[in-house]
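Taking it in order: structure first as structure tokens, then the write-up.
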Amino acid sequence: MQILTLDTLFVGQETLFSERLPSTNDFLKALVKSQSLSEGYTVLAGEQTSGKGQNGNEWWSVRGDNLLTSILLRPRSLTFDNLHYLVYAVALGVRATVQKYIPQQKVEVKWPNDVVVAGHKISGILIENMSVKGNIQSIVGIGININQRDFEPFNFPPTSIRLCNKGEKFDTAEVFRTLCTWVEKYYMTLRSPRGLQQIQELYVSQLYRFGEVVHLGQNPIPYTVKGVNQQGQLILESGSKIKEVSHNEFNITWN
């Protein structure tokens, strides 16, 4: 893939592309441990043989069809206790990227770190954090379905930019260029005086099923999605009761 000139300060300015890797996150983590890398250093792969999603799930992608990348960030304005704000910022960047290519449809973020179109997953984010010499190093893994048309069965139905555009094929390098721009934009917002509050408010404004009903596992009690709190929990309301849910605490039935 030919990497286009990027309109960013640092995200993607140094990019390593490989046709095939087990996992872009694992590859970048190994690089971070073995050498000194600039913030924004990015790894791209045409194919992953052991791609990772949340909770140890596999991220499967047709070779050359999609965007598979990992970005090194050093969120100095955050601590390990509030790194969920980094998830929010990256999710907003991915959402804005996808929205550019399917302006006719509503693109939303599904708590905590997926991007969806009309109830179909189009992107997943996996951020792995570690401490190196007392500083947080965040490996930001992003997968965006761009040109893939056939998918294996999945518990949340997948889609792609191409499927949302009546089969029109898209340039993966161009989508990568857009992604770097938007991720950097929202990441830099975290460093501003009211950055955390702004990112949280923007995240809630794009939240999938906001103001709508979901269920927790097999529980028949309906809960209305009300937003997220400063601890990164999802806020649910049922009658006069408020429930704040942590990631992986419950199996949420979204659709």
Give the accessible area for H215 in Å² (nearest 10); use a 1.4 Å probe, count only protein heavy atoms, and leave out ligands, DNA and RNA.
60 Å²
Of L179, L67, L83, the most mobile residue in a GNM of the chain (C-alpha springs, cutoff 10 Å) is L83
Sorting check: for 72-78, 224-230, 123-129, 163-169, which peptide has the highest mean count of neighbouring beta carbons within 10 Å, and how do the rest follow?
123-129, 72-78, 224-230, 163-169
May I ask you to list the lysines whose Cα is less than 27 Å away from that of K241, ignoring any residue fewer than eight positions away on the same chain?
K110, K226
Can you list the residues, at least 5 places off or on another chain, whose amide H is less than 5 Å from the amide H of V228, using H built in the peptide plane?
I235
Rounded if a/c is under 1.5, else prolate if a/b is larger than b/c, else oblate: which is the range 147-229, with a ≥ b ≥ c the root eigenvalues of its Cα gyration tensor?
oblate
On the accessible surface of the range 154-213, probed at 1.4 Å with all protein chains in place, carbon and sulfur together account for a percent value of 52 percent
Considering Cα pairs under 8 angstrom that are at least six residues apart, work out the relative contact order of the chain and quote it in whole percent.
18 percent
Å² of accessible area per residue within the chain, as computed with a 1.4 Å probe and no ligands counted
47 Å²
Mind checking the full-extension length gain between A30 and K133? Use 0.36 nm per residue of separation minus the Cα-Cα distance, one decimal, nm.
35.5 nm
Return the whole-Å distance between the Cα centroid of the range 183-255 and the Cα centroid of the range 104-176.
19 Å
Output the peptides 17-23, 232-238 sorted from most to least packed, where packing is the average of other Cβ atoms within 10 Å over each peptide's residues.
232-238, 17-23
Of V98, V213, V109, which is the most mobile in a GNM of the chain whose springs link Cα atoms less than 10 angstrom apart?
V213
Residue-averaged [θ]222 nm for the chain, counting only DSSP H segments that reach four residues, each worth -39500 (n - 2.57)
-7500 deg cm²/dmol
Checked the chain with the C-alpha gyration tensor, a ≥ b ≥ c its square-rooted eigenvalues, rounded below a/c of 1.5, otherwise prolate if a/b is larger than b/c and oblate if not; verdict oblate
Under 14 Å Cα-Cα from K29, which aspartates and glutamates qualify once same-chain neighbours fewer than 8 residues away are excluded?
E39, E128
So which residue, out of V117, V183, V214, gets the largest mean-square fluctuation from a GNM of the chain using Cα contacts under 10 Å as springs?
V214
With the contact rule set at Cα under 8 Å and sequence spacing of 6 or more, what percent relative contact order holds for the range 148-218?
14 percent
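The values are calculated or read from the model by the stated rules, or taken from the named source; none is laboratory data. Quick caveat, the model's predicted, so the values are computed rather than measured. As a convention, Cβ positions derive from the backbone with ideal geometry for all residues, glycine included, and neighbour counts pool all protein chains shown. The accessibility values were calculated without ligands, DNA or RNA, using every heavy atom of the protein model including side chains. Shrake-Rupley method; radii C 1.70, N 1.55, O 1.52, S 1.80 Å.
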